[in-house]
Amino acid sequence: MNHLLKYTLRLGDNALILGQRMSEWCGHGPFLEEDIAMANSALDYVGRARLLYTYAASIDSVKGRDEDFYAFRRDEAEFENLQICELPNGDYAFTILRQFLFDHYCVLVYRALSRFDKPSDQLPGLAAKIVKESSFHLARSTKWVQRLGLGTIESNLRMKRALEELWGYTREFFDYDETDRSMVSIGACPEKEKLRFDWSNLVEKVLFDVSLKLPESKWEANGGRQGVHTEHMGKLLAEMQVLQRRYPSLSW
Amino acid sequence: MNNDELDLWEVFLRSARGIEHKHVGSLHAANAEHAMESARDVYTRRQEGISIWVVRSKEIHASQSEDSEMLFDPAEDKIYRHPTFYDVSEKLKL
């Protein structure tokens with residue numbers, strides 16, 4: 001599999017798996033307006049996965065694949081999303097903090113991809129579109145981090161707990177392999193140290209301003225890019241894929 | 001979270017350039033920024049608008065129904081205030 005296809009599928013997998021998680025909030029949000037906003041963002045993520053998978057199908061040397069193939073007919077080890085995307089939602093602090101940490105990663109990664117200079121290719125255009133919605137997601141999740149961080153003793157405590165749990169998973173953002181390095185070399189992906197610097201700068205500032213200290217734990221997640229997942233991934237896929245597995249090619 | 005802790009906001013949307021903002025509904029939010037974000041998700045996700053206004057509901061002063069007689073009834077018999085008594089030239093008619 002060539003690096004461009006692999007990289008595109010990984011982005012698609014991140015979007016689909018997190019979108020699936022976020023959509024679990026539908027009907028369970030803390031209040032009506034937030035429920036709609038979260039479901040709306042979830043749809044943005046799922047829509048993003050569709051765009052990326054459709055593009056991937058167009059460059060996949062195996063013909064006849066489509067977005068449904070990538071979403072519904074691949075097994076756990078074939079999904080190369082980052083593990084942070086598949087973690088269960090937890091409480092709203094955990095959900096919001098994950099969105100914040102991941103939205104910022106998305107803005108940086110897709111911005112670089114949108115500047116990828118490859119004439120007549122639709123990928124930079126897709127990325128530019130995604131940067132717009134990601135920027136809104138980031139603005140939204142940043143405000144929520146501030147509200148919950150500065151809210152009550154309880155909300156601050158829950159944010160602290162969420163940060164402890166999530167921090168090690170963010171290390172995976174910077175766990176580059178040869179596919180990422182190949183994308184860096186053609187100018188379609190931020191250099192690792194640049195990504196780490198830009199991401200840390202904003203994230204640490206926002207967290208510091210709401211008195212959330214970075215965890216001291218040095219534990220780091222890894223393996224998502226190689227198809228190694230947490231115990232939560234299997235159940236997520238089972239739920240997401242059950243209809244297509246039971247009734248292949250079923251459509252509405 | 002309890003909705004009681006959040007203010008009620010009225011949302012106005014402008015659907016196209018040159019058209020005025022219209023009231024589309026209300027929502028709960030902590031402050032203006034939050035109201036704006038929620039309005040975007042609740043009221044514009046199907047491309048309904050290109051501009052949003054949000055106003056705290058309690059900042060809106062409404063006429064009271066018991067004042068209706070005093071406020072509106074006097075206009076009932078002032079038909080001369082309608083421009084229907086003038087003959088409009090054919091050339092001006094659309």
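The values are calculated or read from the model by the stated rules, or taken from the named source; none is laboratory data. Nothing here was measured: the structure is a model prediction, and the numbers come from that model. Neighbour counts run over all protein chains shown; Cβ positions are idealised from the backbone, glycine included. Note: areas computed on protein heavy atoms with side chains; ligands, DNA, RNA excluded. Shrake-Rupley method; radii C 1.70, N 1.55, O 1.52, S 1.80 Å.
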Report task. Treat every Asp and Glu Cβ in the protein assembly as shown as -1 and every Lys and Arg Cβ as +1, leave all other atoms uncharged, and give the resulting dipole magnitude about the Cα centre to the nearest 20 debye. Result -> 1200
Query raised in the report: trypsin sites (Lys or Arg not before Pro), restricted to the stretch A:193-235: which are DSSP loop and have at most 13 other Cβ atoms within 10 Å?
Result: A:Lys213, A:Lys218
**Report entry** Nearest-ten-degree value, helix B:32-43 long axis tilted from longest Cα axis of chain B
**Finding:** 70
Report task. Shielding by partners for B:27-36, please: the mean number of other protein chain Cβ atoms within 10 Å of each residue's Cβ. Result -> 3
Report summary line: Under a 1.4 Å probe, counting only protein heavy atoms, A:Ser185 has an accessible area in Å², nearest 10, of 90
Report task. Using only Cα atoms, figure out Rg for the stretch B:1-59 and give it as a multiple of 2.2 N^0.38 Å. Result -> 1.10
Query raised in the report: P(r) tail for the stretch B:20-94, what percent of Cα pairs lie past 15 Å?
Result: 72
Query raised in the report: In percent, what relative contact order does chain A have, based on Cα pairs under 8 Å that are 6 or more apart in sequence?
Result: 25
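Do any trypsin sites (Lys or Arg not before Pro) in the stretch A:1-68 lie in a loop, going by DSSP, with at most 14 other beta-carbon atoms within 10 Å of their beta carbon, and if so which? Show your work: numbers first, answer last.
Numbers: sites: A:Lys6, A:Arg10, A:Arg21, A:Arg48, A:Arg50, A:Lys63, A:Arg65; in loops: A:Lys63, A:Arg65.
Qualifying residues, ordered by number: A:Lys63.
If you place +1 on the Cβ of every Lys and Arg, -1 on the Cβ of every Asp and Glu, and leave all else neutral, what size is the dipole of the stretch A:1-152 about its Cα centre, to the nearest 20 Debye?
Roughly 520 debye, rounded to the nearest 20.
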Report summary line: Each label sits 7 Å from Cα toward the beta-carbon; between B:His21 and B:Glu5 the label points are separated, in nm, by 2.8
Report summary line: Accessible-area loss of at least 50 Å² (1.4 Å probe, chain alone to full protein assembly) applies in the stretch A:35-79 to A:Ile36, A:Asn40
Report task. Could you tell me how many degrees, from 0 to 90 and to the nearest 10, lie between the Cα long axis of helix A:192-209 and the main elongation axis, the longest principal axis, of the Cα atoms of chain A? Result -> 30
Query raised in the report: Out of the stretch A:155-235, which chymotrypsin sites (Phe, Trp or Tyr not before Pro) are coil in DSSP terms and have no more than 14 other C-beta atoms within 10 Å?
Result: A:Trp219
Report summary line: For the protein assembly as shown, the accessible surface attributable to carbon and sulfur atoms (probe 1.4 angstrom, ligands and nucleic acids excluded) amounts in percent to 54
Report summary line: Cα-based Rg then Dmax for the protein assembly as shown, in Å, read 25.2, 86
Query - Solvent-accessible ranking of A:Cys85, A:Cys26, largest area first, probe 1.4 Å - result: A:Cys26, A:Cys85
